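Enquirer: For reference, the structure I am asking about is given below.
The values are calculated or read from the model by the stated rules, or taken from the named source; none is laboratory data. Everything numeric here is computed off the predicted structure, so don't read it as measured data. Here the Cβ positions follow ideal geometry from the backbone for every residue, glycine too, while neighbour counts run over all protein chains shown.
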Amino acid sequence: MAPFFIALITSIAAFSLHADIGDESEITPLPKADEKEIASIDDFYSEDLEVDGPFDRAAPLEPIIPPDFSQSSEELTVNLKNPSFTHGVISTQEGGIVSAPGIRIQAQKIEYVNKIENGIRLQKITAEGDLLLEYLGRAFVGSRLEYDFVSRSGMLWDGKTFVDIWFLGGDRIELKEDGTFYIHNAYVTTCESQENSWEINARHVKITKEQLLSANNIRFNFFHVPLLWLPAFKSNLKMFSDPPIRYKVVWDKGLGPRVTMRYRIFSWQDLSLFFRLDYRIQRGLGGALESEYFSPDKRTTFVTRSYGAHDKSFPDEKGPHRYRLQGLYHTSSLDGKTSAHFTYDKLSDPRMVGDFKSEDFEINTQRRTRLLVAHEFNEAFLNLSVQPRLNRFQSIDQELPLITVGIRPFELGNSGIISANIFNGGYLDYVFANDLRHEFRKLDLSSSTRAMRLETLNRLYRPFRFGHLTFTPSIGAIGIFYNNNPHHDAVGQGIFTYGFNAQTELSRSYKSMIHTLEPYISYLGLTQPTIRTNNHFIFDINDGYFQFNQVRVGVRNYLFHYKQSCFLPSITSDLWTYGYFGHRGFAQTFPKSYFSLGLSRPSFSVNGGVAWNNEEDLWDYANVLAQWTLNEDIAVSLEYRHRSRFDWRKADHESFILDVARPIDELLHSPISDGRNTVLSRLFVRLAPKLTCQIQTRNGWGRRNEPSYNAGRFDLFYMLTGSWRLRLSYERLPNDNRFSGTIQIVK
């Protein structure tokens with residue numbers, strides 16, 4: 001805006017007057033202005049820096065000596081062009097600057113009053129014409145300013161200012177001493193121009209120095225058309241990164257159009273509340289109440305989503321009312337030693353998430369209700385986990401609760417032997433979905449899997465160094481007690497562990513790079529558990545022990561370049577294999593070989609890993625991701641994922657007890673055998689300074705009993721103004737086509 005251009009004029013002074021703010025009426029002459037300083041200011045004048053017309057550079061500089069009522073330490077500086085002085089009033093029509101601690105006024109016409117009338121101190125200023133005001137770190141422009149230096153308050157007519165990406169203005173802006181200001185007949189918008197495409201109008205607006213906004217009699221206008229009225233509104237402008245009202249239109253092939261409106265009903269300090277209205281042609285009306293809290297120190301987060309819908313397409317016997325209540329809370333202490341994480345997710349039915357699938361509603365609860373509390377002591381740590389089941393249609397391992405205590409590894413005397421110990425205990429209840437419980441009853445089987453479980457894990461290890469070789473043998477014990485088992489007995493199992501790690505490091509430096517080679521070998525052994533697997537419950541992977549003897553042999557490579565200008569990338573790689581001895585499910589001792597590779601440069605990277613199955617002569621898995629940024633306008637990535645039917649779906653992909661404990665044929669006919677192929681690609685292109693597009697594709701094939709599929713998404717982004725961005729999207733799903741459009745504010 002034109003008034004902001006005046007801010008570039010750093011000095012228009014042709015006269016300097018210094019008067020301290022005080023209470024004494026003694027008149028004392030001021031010293032003459034520094035001729036050297038005036039000369040430098042005069043040299044700064046140019047025809048390009050004008051304030052409503054060029055200055056008269058030939059005009060004489062005559063010092064005017066006003067009365068000085070100064071005793072205060074705060075200094076007021078007045079620099080005016082061709083000023084006149086009459087009865088304690090200094091004025092100019094040719095531009096000037098008045099400044100004091102916390103305030104700076106620049107205008108074409110200035111009138112400064114400094115006198116005492118009827119025993120009352122008067123010290124105020126009136127300014128107008130190309131007016132720029134800097135007040136307590138905030139910039140204002142307007143048509144006229146009246147400011148009182150005694151009360152440190154003022155009034156600005158036709159005022160405007162900005163906070164972050166927001167422009168605020170009104171008929172009058174009332175300035176207060178503490179930095180708070182009030183706007184009368186106000187508007188708030190993101191548009192820099194006088195013609196605003198949208199704005200919030202209010203009768204009165206208050207903004208504090210902490211950027212907290214409160215207003216009454218609110219009207220939301222779009223192209224001067226009122227869309228919504230509210231009696232009052234509060235918001236934190238620092239959190240106002242999204243528009244107060246956001247619309248979104250999505251067109252699904254099967255469900256038709258869907259219209260969503262999200263409205264911020266409250267925002268104060270660090271808390272925001274939202275109301276969402278959602279309408280689907282085929283399903284019906286839905287609504288949500290949402291909240292978001294983010295602490296200023298970023299140590300605490302609390303987000304909730306409470307969604308309900310009247311689904312006219314839902315089967316009558318289930319009822320049309322459906323809902324989902326979810327929330328996430330996370331906090332940590334100032335020293336980082338204590339943290340708490342809590343999630344909840346309550347669903348009306350198992351199809352709720354799929355039927356009302358939307359990225360707007362997801363807050364990463366993983367559909368679980370769980371509380372995790374962790375605290376770190378100087379010599380130990382404590383974890384508390386509580387995981388109940390809220391949804392009867394889910395199968396879940398309930399922790400009611402589970403407590404884990406770990407002791408910091410310590411040395412046994414001066415032996416060099418390190419002791420590591422972890423203890424955990426709790427009440428576990430693995431509950432099955434209602435449908436599965438009915439099947440258990442039909443088969444006359446018990447669906448109850450609950451027990452108090454106590455576990456201790458203890459390990460001793462001692463590192464030995466032989467030159468460049470480090471050899472670390474270890475022994476340990478695992479003990480688990482259950483107060484209940486499938487035969488309603490209390491049982492306990494014990495396992496001894498043994499093994500070693502050995503590795504060395506060979507390194508050599510070259511002119512522009514360093515190469516490091518790390519050969520290594522590790523061995524892990526488990527004795528036969530004292531009780532059979534069928535005689536105790538299996539709550540999770542930590543209960544599935546079996547006699548086990550495994551060795552890993554490999555070599556790691558690291559190649560780093562000193563010079564970033566070198567074209568060759570930095571390289572990390574690992575080549576290894578596993579061998580199994582004694583009881584094993586594989587025909588060969590070393591059934592599989594593995595290799596991982598990472599290449600990185602500032603503009604591109606390649607990361608991936610492969611596994612070769614020696615017994616079946618096929619690739620067990622292959623995952624490769626390549627990313628390349630060609631320039632500031634084009635970036636592309638390509639990823640390939642392959643999993644054979646011999647690469648099991650496991651919670652811990654590096655745990656191979658299952659491979660040894662169960663026959664290969666049995667695993668092949670279970671759900672953990674899930675071969676598939678997937679190709680994912682992503683392309684970003686800047687078509688114009690304000691226009692960008694992003695293309696994503698996903699192609700899958702080779703999954704058992706499932707057809708191949710092709711899916712993709714095309715997003716087109718256009719910056720409507722400096723802050724508003726339009727997004728048009730087309731999404732191709734295996735059984736659906738979806739169109740959507742959104743308008744949102746971005747920084």
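Enquirer: Find all pairs meeting these conditions: Cβ atoms under 9 angstrom apart; at least six residues apart or on different chains; first residue within the stretch 639-668 and farther than 22 Å from residue 596 by Cβ; second residue of a type in the set (Asp, Glu) and surrounded by 16 or more Cβ atoms within 10 Å (Cβ to Cβ).
Expert: Within 9 Å, the pairs are 667/659.
Enquirer: Given the criteria among the hydroxyl-bearing types (Ser, Thr, Tyr) and loosely packed, with under 15 Cβ neighbours inside 10 Å, does residue 533 qualify?
Expert: Working: among the hydroxyl-bearing types (Ser, Thr, Tyr): yes; loosely packed, with under 15 Cβ neighbours inside 10 Å: yes.
So residue 533 passes the test.
Enquirer: Okay, next question. Can you pull out every residue in the stretch 69-98 that is modelled with pLDDT of 85 or more and under 46 Å from the mean Cα position of the chain (by Cα)?
Expert: Within the stretch 69-98, 97, 98 qualify.
Enquirer: Looking only at residues in the stretch 504-519 that are part of a strand (DSSP E or B) and free of Cβ contacts under 8 Å to residues at least 40 places away in the same chain, which one is nearest to residue 654 (Cα to Cα)? Can you show your working first?
Expert: Initial filter on the stretch 504-519 (part of a strand (DSSP E or B)): 504, 506-509, 513-519.
Remaining after also requiring free of Cβ contacts under 8 Å to residues at least 40 places away in the same chain: 504, 506-509, 519.
Working: 504: 23, 506: 26, 507: 28, 508: 31, 509: 33, 519: 19 Å.
Only one residue fits best here, namely 519.
Enquirer: Within the group 529, 602, which residue is within 30 Å of residue 634 (Cβ to Cβ), in contact (Cβ under 8 Å) with a residue 12 or more places away in the chain, touching a strand residue (DSSP E or B) at 6+ places or on another chain (Cβ under 9 Å) and not in a strand (DSSP E or B)?
Expert: Numbers: 529 fails: within 30 Å of residue 634 (Cβ to Cβ).
When all the criteria are applied, what remains is 602.
Enquirer: Condition first: of a type outside the set (S, T, N, Q), surrounded by fewer than 19 Cβ atoms within 10 Å (Cβ to Cβ) and at pLDDT 80 or above. Can you find one or more residues in the stretch 186-199 that meet it?
Expert: no
Enquirer: Report whether or not residue 583 is surrounded by 16 or more Cβ atoms within 10 Å (Cβ to Cβ) and within 30 Å of residue 489 (Cα to Cα). Give the derivation first.
Expert: Details: surrounded by 16 or more Cβ atoms within 10 Å (Cβ to Cβ): no; within 30 Å of residue 489 (Cα to Cα): yes.
Here the answer is no, as residue 583 does not meet what is asked.
Enquirer: Can you list residue pairs whose Cβ atoms sit under 9 Å apart, with the first residue in the stretch 579-594 being over 14 Å from residue 547 (Cα atoms) and the second being among the small types (Gly, Ala, Ser) and surrounded by fewer than 17 Cβ atoms within 10 Å (Cβ to Cβ)? Count only pairs 6 or more apart in sequence or on different chains.
Expert: If the second residue must be among the small types (Gly, Ala, Ser) and surrounded by fewer than 17 Cβ atoms within 10 Å (Cβ to Cβ), the pairs left are 594/609.
Enquirer: So, in the stretch 540-564, exactly how many residues are under 34 Å from the mean Cα position of the chain (by Cα), surrounded by 15 or more Cβ atoms within 10 Å (Cβ to Cβ) and part of a loop (DSSP other than H, G, I, E, B)?
Expert: Qualifying residue count for the region: 0.
Enquirer: Going by the structure shown, is residue 703 in contact (Cβ under 8 Å) with a residue 24 or more places away in the chain, part of a loop (DSSP other than H, G, I, E, B) and closer than 15 Å to residue 641 by Cβ?
Expert: yes
Enquirer: Being in the same structural domain as residue 210 (by TED's automatic domain parsing) and touching a Pro at 6+ places or on another chain (Cβ under 6 Å) narrows it down to one residue among 85, 167, 162, 149; which is it? Give the steps one after another, and end with the answer.
Expert: On the way: 167 fails: touching a Pro at 6+ places or on another chain (Cβ under 6 Å); 162 fails: touching a Pro at 6+ places or on another chain (Cβ under 6 Å); 149 fails: touching a Pro at 6+ places or on another chain (Cβ under 6 Å).
The conditions single out 85.
Enquirer: Any residue in the stretch 726-735 that is of a type in the set (Lys, Arg), in contact with a Ser or Thr (Cβ under 8 Å, 6 or more places away or on another chain) and in a strand (DSSP E or B)?
Expert: From the stretch 726-735, those of a type in the set (Lys, Arg) are 727, 732; that's our starting set.
Next cut, in contact with a Ser or Thr (Cβ under 8 Å, 6 or more places away or on another chain) only: 727.
Applying the additional criterion that residues be in a strand (DSSP E or B) yields 727.
Within the stretch 726-735 (the criterion being of a type in the set (Lys, Arg), in contact with a Ser or Thr (Cβ under 8 Å, 6 or more places away or on another chain) and in a strand (DSSP E or B)), the answer is yes, since at least one residue qualifies.
Enquirer: Here is a check on your reading of the model: is residue 656 aromatic (Phe, Trp, Tyr) and modelled with pLDDT under 90? Break it down stepwise before answering.
Expert: Values: aromatic (Phe, Trp, Tyr): yes; modelled with pLDDT under 90: yes.
Spelling it out, residue 656 is indeed aromatic (Phe, Trp, Tyr) and modelled with pLDDT under 90.
Enquirer: In addition: Collect the residues in the stretch 131-145 that are among the hydrophobic types (A, V, I, L, M, F, W, C) and outside any strand (DSSP E or B), keeping them in residue-number order.
Expert: Across the stretch 131-145, the qualifying residue is only 136.
Enquirer: Considering only the stretch 461-479, how many residues are surrounded by fewer than 17 Cβ atoms within 10 Å (Cβ to Cβ), of a type outside the set (D, E, K, R) and in a strand (DSSP E or B)? First the steps, then the outcome.
Expert: Filtering the stretch 461-479 for residues surrounded by fewer than 17 Cβ atoms within 10 Å (Cβ to Cβ) gives 462-473, 475, 477, 479.
From what's left, of a type outside the set (D, E, K, R): 463-464, 466-473, 475, 477, 479.
So of that shortlist, the ones also in a strand (DSSP E or B) come out as 464, 466, 469-473, 475, 477, 479.
Count: 10.
Enquirer: If residue 352 satisfies all but one of (1) surrounded by fewer than 17 Cβ atoms within 10 Å (Cβ to Cβ); (2) at pLDDT below 80, what's the number of the condition it fails?
Expert: (1)
Enquirer: Hey, another quick one. Six or more apart or on different chains, Cβ atoms under 6 Å: show the pairs whose first residue is in the stretch 292-313 and modelled with pLDDT of 85 or more and whose second is of a type in the set (A, V, I, L, M) and assigned to a strand (DSSP E or B).
Expert: 293/271; 303/328
Enquirer: Related question: If a residue has to be more than 39 Å from the chain's Cα centre (by Cα) and aliphatic (A, V, I, L, M) to count, how many in the stretch 496-535 make the cut?
Expert: The qualifying residues number 6.
Enquirer: Only one of (1) closer than 29 Å to residue 581 by Cβ; (2) exposed (fewer than 14 other Cβ atoms within 10 Å of the Cβ); (3) hydroxyl-bearing (Ser, Thr, Tyr) is not met by residue 498, so which one is it?
Expert: (2)
Enquirer: Would you mention how many residues in the stretch 82-115 are closer than 18 Å to residue 146 by Cα and assigned to a strand (DSSP E or B)?
Expert: Total meeting the criteria: 21.
Enquirer: Over 32 Å from the mean Cα position of the chain (by Cα) and either modelled with pLDDT of 85 or more or among the hydroxyl-bearing types (Ser, Thr, Tyr) (or both): is that true of residue 575 in this structure? Break it down stepwise before answering.
Expert: Numbers: over 32 Å from the mean Cα position of the chain (by Cα): yes; either modelled with pLDDT of 85 or more or among the hydroxyl-bearing types (Ser, Thr, Tyr) (or both): yes.
Judged against the criteria, residue 575 is a match.
Enquirer: Please find, within the stretch 694-730, the residue that is surrounded by the fewest Cβ atoms within 10 Å (Cβ to Cβ) out of those that are of a type in the set (A, V, I, L, M, F, W, C) and more than 14 Å from residue 742 (Cβ to Cβ). It would help to see each step written out before you state the result.
Expert: Here is the first cut: in the stretch 694-730, the residues of a type in the set (A, V, I, L, M, F, W, C) are 695, 701, 711, 714, 716-717, 719-720, 724, 726, 728.
Filter again for more than 14 Å from residue 742 (Cβ to Cβ), leaving 695, 701, 711, 714.
On the way: 695: 15, 701: 13, 711: 16, 714: 15.
So, considering only residues that are of a type in the set (A, V, I, L, M, F, W, C) and more than 14 Å from residue 742 (Cβ to Cβ), the one surrounded by the fewest Cβ atoms within 10 Å (Cβ to Cβ) is 701.
Enquirer: Hey, another quick one. Given the criterion under 26 Å from residue 552 (Cβ atoms), over 29 Å from the mean Cα position of the chain (by Cα) and in a helix (DSSP H, G or I), identify the matching residue among 647, 674, 665. Let's see the steps before the verdict.
Expert: Values: 647 fails: in a helix (DSSP H, G or I); 674 fails: in a helix (DSSP H, G or I).
Result of the check over 647, 674, 665: 665.
Enquirer: Looking at the structure I just gave you, is residue 679 outside any strand (DSSP E or B), farther than 29 Å from residue 719 by Cβ and of a type in the set (Val, Ile, Thr)?
Expert: Values: outside any strand (DSSP E or B): no; farther than 29 Å from residue 719 by Cβ: yes; of a type in the set (Val, Ile, Thr): yes.
Answer is no for this residue.
Rundown of residues vs (1) in a strand (DSSP E or B); (2) farther than 21 Å from residue 400 by Cβ; (3) in contact (Cβ under 8 Å) with a residue 12 or more places away in the chain, yes/no style:
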| site | (1), (2), (3) |
| --- | --- |
| 458 | yes, yes, yes |
| 481 | yes, no, yes |
| 488 | no, no, no |
| 502 | yes, yes, yes |
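Enquirer: Oh, and also: All but one of (1) out of contact with any Ser or Thr (no Cβ under 8 Å at 6 or more places or on another chain); (2) modelled with pLDDT of 85 or more hold for residue 147; which doesn't?
Expert: The one condition residue 147 does not meet is (1).
Enquirer: Then there is this: Scan the stretch 125-165 residue by residue and report those that are closer than 19 Å to residue 77 by Cα, crowded, with 17+ Cβ neighbours inside 10 Å and among the hydrophobic types (A, V, I, L, M, F, W, C).
Expert: If the condition is that a residue be closer than 19 Å to residue 77 by Cα, crowded, with 17+ Cβ neighbours inside 10 Å and among the hydrophobic types (A, V, I, L, M, F, W, C), then 125, 127, 131, 132, 133, 145, 149 are the ones that fit.
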